[in-house]
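See structure below.
No value in this document is a laboratory result; all are computed from the given coordinates. Just so it is clear, the structure is predicted and the values come from calculations on it, not from any experiment. Glycine gets a Cβ as well: all are built from the backbone with ideal geometry, and neighbour counts include every protein chain shown.
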Amino acid sequence: MSLVKNVEFLRRLSKLHEINGFGNGLGNGLGTGLGTGLGDIARGLTPAAHSPLLEITGFGANPGDLRMLSFVPAKLQQMPALVVVLHGCGQTAAGYDLGAGWSTLAERYGFALLMPEQQRANNAQGCFNWFNPEDTARDQGEACSIRQMIARMVADHGIDQHRIFVTGLSAGGAMTSAMLATYPEVFYAGAVIAGLPYGVASNVREALNGMLQSPSRPAGELGDLVRNASAHRGPWPKLSVWHGSADRTVNPANANEIVKQWLDVHHLPPAPMSEGMVDGYPHRVWWNDDGETIVESYTITDMAHGTPLGIADNDERYGAEGAFLIEAGISSSHHIASFFGLTERVSQPRNAGAGCRGRAAAAFDIATYGQAKAATKTATRSDRCRRRHYPRADGGRPDEISQAGSAISVSPRGRVVNSAGTNPLFCSAFREINLNQIPNCAFNGTWQADKFRPMMGATRQG
């Protein structure tokens, strides 16, 4: 659906006083917002008969009265990850899965998928109640229901509790902010698409103001909203933020406010460490002292309200165009899965003579696993190969490759840094790496990593 069609669709929405989802008496102030017609179009796109999602009952007290739907591929990774995906207003779990392509990604990369679904009895437009304090406080309402679903998935499928992620669109994006704030110890990372910061609305009037105006708030005030949502004091989840610059439903300034909120939580500076273009769109990155990306943001220029779709880095398409699912030449779902560290299947080795896009490169030897076992690595550098987080052999969080003098060592994060320990070189942004091709990375064959798992394409020797 084109930008023009989306904007025209939003202009036609009316009768906003009937939207129970934002409370009675909402009024006509949300003229470009989520109106009654949205549900009808989205329901028409719902592929219930063909959805791979299965409904699960009996997952807890379910105080938010949500439905639990999930997809678990036949071949899960060892220590499998879980991605929680929250749909937007007027959508269903199955409809958003078809549009955004998450079950296809789960099938390809071997992770489990949880897709909570709002019920019309709770919200006439099918929106998660992101602005209702009773649904966004820890251990209450919808937030508690989603947490109970996660616990059920962990118990049923042996989910690695260090590899749980959450993402959502619009109201689902705002609810993603709520889940990250209220249960920060549960999630390793999250991604918000066309959403709002946590805690900026506690009633209908404030919700409208946040969606349409997005007034700027001090960073400390925004950060305190997250810090006060739980007793947790760190570490905090990482975050990827996406927003269309032509969004007339949720003001694009909300993306900056979300970034500001989480930069304050992570004690990171306002200025990005890196700015560039990814698939033709502005991309900003903030990293920590270890060189690990903590917050990133994508601005999808000239895109209206919705989830951006496109061909992924592996030349495959995930999802299908529809209402609020917009062809933009960039696959947000695949990029988000990569940000979560999910797009590598270490159990299925690649051809050792080919790197990303099949371009061959010279091999080099390293020692791994604390036993000094030799392994031959194939390496290549390609701008089309995205962020790579190397899983730890013990199932823990990704490892970091860093430079110590002239040696390369591995410690528990996920970025390559220079000898000064600054200026991440983003070696881990590539599926296979030729360290000799990267500036300031002098490789002498010495690796220190008792928990480092060899890169894809490796063949162990000795």
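Odds and ends about this structure:
- With Cα atoms as the point set, the radius of gyration and Dmax of the range 3-339 evaluate to 18.1, 52 Å.
- Rounded to the nearest whole Hz, the Karplus-based 3J(HN,Hα) values (6.51 cos²θ - 1.76 cosθ + 1.60, θ = phi - 60°) of the range 286-295 follow the sequence 10, 10, 8, 5, 8, x, 8, 5, 10, 9, with x at glycine and proline.
- Length added when fully stretched, residue 245-residue 120, from 0.36 nm per residue minus Cα-Cα: 42.0 nm
- C-alpha center-to-center spacing [the range 300-329, the range 107-131] in angstrom: 20 Å
- Per-residue packing, averaged as other Cβ atoms within 10 Å, sorts the ranges 284-291, 191-198 into the order 191-198, 284-291, beginning with the highest.
- 238, 75 arranged by Cβ crowding within 10 Å, fewest neighbours leading: 75, 238
- Cut-off under 5 Å, modelled amide H: who pairs with residue 273 long-range: 285, 286, 287
- Förster-model FRET efficiency, 22 Å R0, residue 162 and residue 228, C-beta, rounded to 0.05: 0.30
- Using the Cβ-Cβ distance between residue 61 and residue 320 with R0 = 35 Å, the FRET efficiency computed as 1/(1 + (r/R0)^6) comes to roughly 0.50.
- Residue 305 long-range amide H proximity, modeled H, under 5 Å: 248, 249
- Between the alpha-carbon centres of the range 77-102 and the range 196-233 there is a gap of 25 Å.
- Amide hydrogen proximity for residue 238: with H placed 1.01 Å from N in the peptide plane, the residues at 5 or more positions away or on another chain lying under 5 Å are 189, 190.
- Karplus-derived 3J(HN,Hα) values for the range 191-205, using 6.51 cos²θ - 1.76 cosθ + 1.60 with θ = phi - 60°, are 9, 10, 10, 6, x, 9, x, 6, x, 8, 9, 10, 7, 5, 4 Hz; glycine and proline are entered as x.
- For the range 125-133, 3J(HN,Hα) per residue [Karplus equation, 6.51 cos²θ - 1.76 cosθ + 1.60, θ = phi - 60°, Hz, x = Gly/Pro]: 9, x, 8, 5, 7, 5, 9, 9, x
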